[in-house]
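The values are calculated or read from the model by the stated rules, or taken from the named source; none is laboratory data. Being a predicted model, the structure only gives us computed values, none of them experimental. All Cβ positions, glycine included, derive from the backbone under ideal geometry; neighbour counts span all protein chains shown.
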Amino acid sequence: MAGVTALTTTGPTVPGMDVSSHQGDVDWDHWWAQGKRFAYVKATEGTGYRNPYYDQQFHGSHGVGMLRGAYHFALPDRSDGVAQANYFVDHGGGWTADGATLPGALDIEYNPYGDDTCYGLAPDAMVTWIRQFTDTYRARTGRAPMIYTSTLWWDRCTGRAGDFSASPVWVARYADSVGPLPHPWAAHAIWQHSSTPIDQNLFNGTPDDLLALARG
């Protein structure tokens, strides 16, 4: 994270990371030695993509002692939230009450495949899509999914409508502080603060708090 020498936090934190196919086979022993204690692994995107490195990444992170969870990259212009939540759960995004698995995460953010930041959806339609996903995931797993987003994207594309506070929020902001949170969250669960040399995160709490999140 260029130019940042210290991170501003207000309490205990736990370092973690997130990975996708871009990282290939991950050297989990290395990252454990660097102090990472949890990982989120991309499982799926839309309803037609599964990370080919998912098994090595998801099981490898657990193998060195990390808590781990899976995430789904949302494509709200391709299919509805019900279909994408089901695809996610069916392809690695479920939750197990084993004390080592974090709730699945919905990655909903800027559109990487076009100029329309909000995927062509008006705020009310976006809120409906997210509600479809979160409700379906909860029905399938018994857990509310984590929501990964940025404050600017979320507030713009949802119009600050809808109450998703039952889902822990994972905020992306590459800066020295987490900054303002998206509506309506009063506290964040995870802060993604850097993408160098890998996506780096801080869990907002103690190791026991992180374990409690995994246990549900």
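Things worth noting here:
- In the stretch 15-88, counting only helices (runs of 4 or more DSSP H) that sit wholly within it, the ones holding 3 or more residues that are in contact (Cβ under 8 Å) with a residue 12 or more places away in the chain and over 24 Å from A144 (Cα atoms) span 28-33, 54-63.
- Residue count, the stretch 196-215 (criterion: in a loop (DSSP other than H, G, I, E, B), within 28 Å of S21 (Cβ to Cβ) and in contact (Cβ under 8 Å) with a residue 60 or more places away in the chain): 2
- Selection count where residues are crowded, with 20+ Cβ neighbours inside 10 Å, of a type in the set (A, V, I, L, M) and assigned to a helix (DSSP H, G or I), scope the stretch 126-146: 2
- Within the stretch 73-100, if we keep just the residues that are of a type in the set (S, T, N, Q) and either over 17 Å from G60 (Cα atoms) or in contact with a helix residue (DSSP H, G or I) (Cβ under 6 Å, 6 or more places away or on another chain) (or both), the residue that is surrounded by the most Cβ atoms within 10 Å (Cβ to Cβ) turns out to be Q84.
- Just one of the listed residues (G159, G216) is surrounded by fewer than 21 Cβ atoms within 10 Å (Cβ to Cβ) and at pLDDT below 95, and it is G216.
- Any hit, the stretch 2-19, residues being more than 17 Å from P207 (Cβ to Cβ), surrounded by fewer than 17 Cβ atoms within 10 Å (Cβ to Cβ) and modelled with pLDDT of 95 or more: no
- For A97, the criteria (1) under 17 Å from N201 (Cα atoms); (2) hydrophobic (A, V, I, L, M, F, W, C); (3) touching a residue at least 60 places away in the same chain (Cβ under 8 Å) hold in every case but one, which is (1).
- Between S177, S167, the distinction of being assigned to a loop (DSSP other than H, G, I, E, B), modelled with pLDDT of 95 or more and crowded, with 20+ Cβ neighbours inside 10 Å belongs to S167 only.
- Subset of the stretch 146-164 [under 15 Å from the mean Cα position of the chain (by Cα) and free of Cβ contacts under 8 Å to residues at least 60 places away in the same chain]: I147, T149, S150, T151, W153, W154, F164
- Output for the stretch 33-44, where each listed residue is more than 18 Å from I190 (Cβ to Cβ) and either of a type in the set (V, I, T) or in contact with a helix residue (DSSP H, G or I) (Cβ under 9 Å, 6 or more places away or on another chain) (or both): T44
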